[in-house]
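Notes follow the structure.
The values are calculated or read from the model by the stated rules, or taken from the named source; none is laboratory data. This structure is a prediction, so every number in the text was calculated from the model and none was measured. Cβ: placed from backbone, ideal geometry, glycine included. Neighbour counts: every protein chain shown.
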Amino acid sequence: MTRTPLSAASVIAEAAVVADEDGFEAVSLSAVARRLGVRTPSLYSHVRDREALLDGISALALAELSGRIAEAIAGRAGRAALDGFAAAHRAYARESPGRWQSLQRRVGATAVRSDGARDVVVLTAAVLRGYPVPEEEHVHAVRVLGSTLNGFLSLERIGSFDHSRPGPEVSWHKTVDVLDALLRAWPAGSGKDTTAP
C-alpha cells in the first residue's frame, strides 16, 4: 500500500479527522502519527508542536466555515443573509464538531492571520451591511453575533437543552429573531474606547 507523502497540510487534515472523531482534546502529535502510520518525530518537520497542530486545525476550520458562509449568504441581504450566516455556523458545528470546537479557544497568530479568518471577517461585514449598524460599531456587532451563536451551539452540543421543552429548534429560530431585531435597532454608540489609557 502506498502511503501519502507527509506534508503540513496532510498532517493537519489528519489531525482534523481525529478532532471530529475523538474530540478536539484528543488531538496530539502521537495520535496523529499513529493514524498516519509513522513515528511521532516524523511530524516535527511539518508541524512545530501541538499548539501549531491545533492552530492548523483552526485555520482549516475557518477556511471551511468561510466557504459555507459564502455559499449561504450569496445574493442575500438583511434577515435572509443572517439566516444563512447562522445556519452555516450550526451546520458546521454539527457536521464537524472537533473542527468547530477548535474555534472555541484563543487561537494563535497563524490562525488569526489565515485567509479563512480574513474571509470570515469580510463575510460577517457583508451580513452587517444589510442592517443600520454604523461601521464603527461593527466590532461590537461581530462580538454579539459570535458570542450568541457560539454560546447557543456550545450548550446544544453538550445537551443542555435536552431536558426541557420546547426543543432547541424553536429556541434557535427565536435566537435568530432576536439577533435580527437587535441589529435592526442597534443602539447608538458612545464612540469612546473605555479601554484606552
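Worth pointing out:
- Filtered residue count, segment 20-31, keeping only those that are assigned to a helix (DSSP H, G or I) and hydroxyl-bearing (Ser, Thr, Tyr): 1
- Across segment 176-190, the qualifying residues are those that are in a helix (DSSP H, G or I) and without any contact (Cβ under 8 Å) to a residue 40 or more places away in the chain, and the one among them that is surrounded by the most Cβ atoms within 10 Å (Cβ to Cβ) is Leu182.
- Segment 68-129 holds helices (runs of 4 or more DSSP H) entirely within its bounds, and those carrying 2 or more residues that are surrounded by 21 or more Cβ atoms within 10 Å (Cβ to Cβ) map to 78-95, 97-101, 115-128.
- Any chance Ala88 is under 14 Å from the mean Cα position of the chain (by Cα) and either within 23 Å of Arg157 (Cβ to Cβ) or among the hydroxyl-bearing types (Ser, Thr, Tyr) (or both): yes
- Among the residues of this structure, Glu64 counts as one that is of a type in the set (Asp, Glu), more than 27 Å from Leu182 (Cα to Cα) and modelled with pLDDT of 95 or more.
- Yes/no for Phe161 being out of contact with any His (no Cβ under 8 Å at 6 or more places or on another chain), outside any loop (DSSP other than H, G, I, E, B) and of a type in the set (Phe, Trp, Tyr): no
- Of all residues in segment 16-32, those that are more than 16 Å from Leu60 (Cβ to Cβ) have Cβ atoms under 9 Å from Cβ atoms of residues that are in a loop (DSSP other than H, G, I, E, B), 6 or more apart or on another chain, in Leu29/Tyr44; Leu29/Val47; Leu29/Asp49.
- All conditions but one from (1) touching a residue at least 12 places away in the same chain (Cβ under 8 Å); (2) exposed (fewer than 13 other Cβ atoms within 10 Å of the Cβ); (3) of a type outside the set (S, T, N, Q) apply to Arg165; the one that does not is (1).
- Only residues that are outside any loop (DSSP other than H, G, I, E, B) and either closer than 10 Å to Ala8 by Cβ or not β-branched (Val, Ile, Thr) (or both) were counted in segment 32-48, giving 7.
- If you go through segment 104-128 and keep only what is free of Cβ contacts under 8 Å to residues at least 40 places away in the same chain and of a type in the set (D, E, K, R), you end up with Arg106, Arg113, Arg118.
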